[in-house]
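Shown next, in structure tokens, is the structure this report addresses.
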Amino acid sequence: QVQLVESGGKLVQAGGSLRLSCAASGRTFGSYAMGWFRQAKGKERESVAAISRSGGSPYYADSVKGRFTISRDNAKNTVYLQMNSLNLEDTAVYYCAAGPYATLTPRLYNYWGQGTQVTVSS
């Protein structure tokens with residue numbers, strides 16, 4: 001089992017950048033693929049990005065492609081989401097998740113963090 005804790009969310013102006021972190025407990029972090037998802041108020045959960053166990057083969061939702069970068073440091077048990085050129089539509093609670101496959105399909109992830117709020121202002 002793995003526990004996930006997100007951090008780094010805050011209020012940022014449109015056009016700005018932000019880096020989210022997700023720290024995992026346990027010594028098995030490297031055996032999980034990781035994903036980032038988000039949910040805006042009143043909307044369904046949306047996929048953002050995913051990365052394989054080794055850190056290769058990242059996947060991105062079309063809405064963030066070219067602006068967001070997912071990465072991981074297995075030595076630090078942490079996955080990151082670098083977000084650039086933020087816009088108002090990026091406002092949401094961002095969640096990280098761990099699972100067996102690097103996929104943008106949320107139901108394939110077994111473990112979820114509590115989320116961190118990102119608010120983009122004009």
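One table, with the values for the structure above:
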item	result
Residue selected from the range 85-95 under the condition touching a strand residue (DSSP E or B) at 6+ places or on another chain (Cβ under 7 Å) and of a type in the set (S, T, N, Q), by the criterion surrounded by the fewest Cβ atoms within 10 Å (Cβ to Cβ)	Asn87
Only listed residue being buried (at least 21 other Cβ atoms within 10 Å of the Cβ) and closer than 20 Å to Lys10 by Cα, chosen from Ala102, Ala49, Ala40, Ala98	Ala49
Cross-chain or 6+ apart pairs with Cβ under 7 Å, the range 58-77 first and open to solvent by 70 Å² or more (accessible area, probe 1.4 Å), then among the small types (Gly, Ala, Ser) and in a loop (DSSP other than H, G, I, E, B)	Tyr59/Ala102
Filtered residue count, the range 105-122, keeping only those that are open to solvent by 30 Å² or more (accessible area, probe 1.4 Å), more than 13 Å from the chain's Cα centre (by Cα) and over 21 Å from Gly56 (Cα atoms)	4
Scope the range 3-47; condition β-branched (Val, Ile, Thr) and under 12 Å from Gly115 (Cβ atoms); matching residues	Val5
Boolean, Tyr59 is touching a Leu at 6+ places or on another chain (Cβ under 8 Å), farther than 14 Å from Leu18 by Cβ, among the hydroxyl-bearing types (Ser, Thr, Tyr) and modelled with pLDDT of 95 or more	yes
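The values are calculated or read from the model by the stated rules, or taken from the named source; none is laboratory data. Note that this is a predicted model, so its numbers are computed, not measured. Backbone-built Cβ (ideal geometry, glycine too); neighbour counts: all protein chains shown. Note: accessible area is taken over every heavy atom of the protein model, side chains too, but ligands, DNA and RNA are not part of it. Shrake-Rupley method; radii C 1.70, N 1.55, O 1.52, S 1.80 Å.
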